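To keep things clear, I will list the structure first and then write my remarks on it.
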């Protein structure tokens, strides 16, 4: 019956189905035509919409109310906690520093513009960590700088000696005794120190130390990195281990990091590399708990996610080795005979630019010590294109953009690479865009003199009234806002790092059409939380920030704020209404949220072409670019007229 029914009605079913399909197709077509096509999603939608405004559409007030309620609910976790107003104290060292610096201002007033107006920041009861130390050390370095400036004047007249150069490479061939190698102008990112030696059995251990500059005579210099190797001994009676640590006069030795470490496993990484690519000695089931001879033990190499059998301990009596220590963004990394062994995060106030000496001692016959990739300064008297590299006079029509670049004193090559690349854009050369490097004092007096001379020649250096510790970077941010809002009066202010490459043409074309009020432009983080890992470089305690989330903030490699935002930041700190926070980019987000709470409308313009890690095609800003890559990016723009990445 069923099959006969289907056969009799088959034609009818086909006809009915066809009509139904046509009808549905017609409905879809009309809907598509009348409602209109939805635009494909844009990669840079927030920035595109802001700089290319469309006619406003009618909006549902109920939807807006719900959206605002949701936004407020999401923002509650990032609201700045209520704090008592910081008190102003008296700091004798600060008075001494500013009294001393008056003579520096007479010698080079253009390099001291921000310095002279920053005094109000430092005697606050909530001052950033290491403020007092940074100011104390600045007095010593400032005094040395004044002496060397006078000596330089005498040298030009033939009555004195000229400062040493900063070479890119130094080496020494050494002997069995305690050995050392001087590092003339510190280390920078990608600098390396290689030690070639043969362990012996005298003491069953040897040490390699990276020593910092002593600030005052009579004080022991800091140990930026101690690399202590315990050898297995002539009869293999000791467990081989590498111990890393750091030391300062004020704090003593920090927490030692052992490799291998038989304590609880840690997932600590430094620049993406494991803290210990370790040989873990594991007992077999047959081993006696009291056995000390390692015959029946297994050596395993544990990397990020897996354990596997590896070669033996790299340091063995009588066997030559090559150990290279190189400076990364977050810490030191060690390779031995071509294999990564350990990583060590920089400790507070112990950064690579401090290193001025390598010491080797203990049970080691040292064959050679080689340091390369060192910060090399150009002799400004021999720079052929110096006129083209000098800062241009600001335009009489007004300054569209001030760019403040964070830079450490011995990053000579990075600053020169910027001057020869994106600082050659027409906007910079015409004076419509101004660029200044914000540089704290170095603990090496030779470096300070070279930076001072650099400022005299190029006119784009702003000295900071403290030694350049990472924990004090937020002061530089305020200084940039101060220079851009009170001294040079730019319509927009941009903060950048000296390893970032920016397309000035693209930035300028966007900003010129902006109203210039309440703008935050860059790569915006709308949903982030404080890092509570004490071993992390960006650790924030609950005392520093008790909330579970941060307010919106722009990533630090490069971001832009409008004049009114910068003006609010400076005025807020002068009145002590804004908190100081050691993560400078997050700090700006916290301050802007307070500006917004006063009724100011803020436009957070997010553009993911601001690359905070590396470079992607069609970039506006590329980060982590070394001098060679900077020149390559610029060459690509000149030859191909489009933003193409290098490597």
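Values quoted throughout were computed directly from the atomic coordinates according to the rules given, and no laboratory measurement underlies them. These numbers were taken from a predicted model, which means no experiment stands behind them. Here the Cβ positions follow ideal geometry from the backbone for every residue, glycine too, while neighbour counts run over all protein chains shown.
Beta bridges per DSSP, both residues in the range 506-647: antiparallel share near 40 percent. Among 83, 347, 339, a tally of other beta-carbon atoms within 10 Å of each Cβ gives an order, fewest to most, of 83, 339, 347. I'd like the distance between the alpha-carbon centres of the range 88-124 and the range 460-498, rounded to an integer number of Å. Taking the Cα centre of the range 460-498 as reference, the centre of the range 88-124 is 15 Å away.
Calculate, for residue 170 and residue 379, the FRET efficiency according to 1/(1 + (r/R0)^6) with r their C-beta to C-beta distance and R0 25 Å; round to the nearest 0.05. Write down the numbers at each step before the final one.
Details: r = 18 Å, r/R0 = 0.70.
The formula returns an efficiency of 0.90 here.
Here the simple spin-label model places points 7 Å from the Cα toward Cβ, and for residue 150 and residue 239 these points are separated by 5.9 nm. In this calculation the C-beta distance from residue 613 to residue 319 is compared with R0 = 41 Å, giving a FRET efficiency of 0.55. Placing a pseudo-label 7 Å from each Cα along the Cα-to-Cβ vector at residue 539 and residue 251 gives an inter-label distance of 0.9 nm. With all pairs of separate Cα atoms included, the range 469-594 yields a Kirkwood hydrodynamic radius of 15.3 Å. If the chain linking residue 143 and residue 219 were pulled fully straight, counting 0.36 nm for each residue of separation and taking away their Cα-Cα distance, it would gain 25.6 nm.
Applying 0.36 nm per residue to the separation of residue 83 and residue 471 and subtracting their alpha-carbon distance, the gain on full extension is 137.6 nm.
Peptides 544-552, 179-187 ranked from most to least packed, by the mean per-residue count of other Cβ atoms within 10 Å: 179-187, 544-552. Note on residue 575 and residue 359: their simple-model spin labels are 5.2 nm apart, each label 7 Å out from Cα toward Cβ.
Residues 99, 105, ranked from the fewest to the most other C-beta atoms within 10 Å, line up as 99, 105.
Computing FRET efficiency as 1/(1 + (r/R0)^6) for residue 190 and residue 547, where r is the C-beta to C-beta distance and R0 is 30 Å, gives about 0.25. Spatially, the range 333-382 and the range 537-567 are offset by 33 Å when compared through their Cα centroids. Going from the fewest other Cβ atoms within 10 Å to the most, the residues 120, 321 appear in the order 120, 321.
Compared with the direct C-alpha span, the chain from residue 393 to residue 489 gains 33.2 nm at full extension, assuming 0.36 nm per residue. Along the Cα-to-Cβ line of residue 420, 7 Å from the Cα, sits a label point; which residues in the range 613-627 have backbone N less than 14 Å from it? Only 626-627 fall inside the zone, counting backbone N under 14 Å.
Could you please state, rounded to a whole Å, how far the C-alpha centre of the range 181-216 is from the C-alpha centre of the range 573-597? Measuring centre to centre over Cα atoms gives 41 Å. Peptides 591-604, 420-433 ranked from most to least packed, by the mean per-residue count of other Cβ atoms within 10 Å: 420-433, 591-604.
In Å, what Kirkwood hydrodynamic radius results for the range 348-470 from the alpha-carbon pair distances?
Final number for the Kirkwood radius of the range 348-470 is 16.4 Å.
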